[in-house]
1. Hey, residue 39 hits all of (1) in a loop (DSSP other than H, G, I, E, B); (2) modelled with pLDDT of 85 or more but one; which does it fall short on?
2. Is it fair to say residue 66 is hydrophobic (A, V, I, L, M, F, W, C), in a strand (DSSP E or B) and either surrounded by 13 or more Cβ atoms within 10 Å (Cβ to Cβ) or modelled with pLDDT of 95 or more (or both)?
3. Filter region 1-36 down to the residues that are in a loop (DSSP other than H, G, I, E, B), among the small types (Gly, Ala, Ser) and either in contact with a Lys or Arg (Cβ under 7 Å, 6 or more places away or on another chain) or at pLDDT below 80 (or both) and list them by number.
Amino acid sequence: MTWRPSAQGDDEPRSVADSLRRVARTLGAPEPDVLKVLYSGWSDAVGETVAAHARPVSLRDGVLVVQVEESAWATQLRFLEADILGRLEQSAGMSVAERIEVRVRPVPGRRGGRRRG
């Protein structure tokens, strides 16, 4: 990869946040501010109890992928999808995702999770 000056033609340093925003936009990824709200505000959006058993793992093309420990939590998240998306949008001041995709993946060592080995 070859370095090229920015199209704007200025040689002034840019903040890391500005650079991340530009790179994210180029890759079609969400804005860093959206990711910050998503990951730091997750427990506020879903509540402490749900957050203890479910976590966001990716956000791409408007789809928020959430990993849960058991199918019961998947059912709960699907039921709360509209509320969760609304709370995240309110916190971010913009749409965070269009839908939630829930994946069940037991956590080894926890009740209901399988131990390997």
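1. It is condition (1) that residue 39 fails.
2. So residue 66 passes the test.
3. Matches in region 1-36: 6, 7, 9, 28, 29.
The values are calculated or read from the model by the stated rules, or taken from the named source; none is laboratory data. As the structure is a prediction and not an experimental result, all values here were calculated from the model. Reconstructed Cβ throughout: ideal geometry from the backbone, glycine too, with neighbour counts over all protein chains shown.
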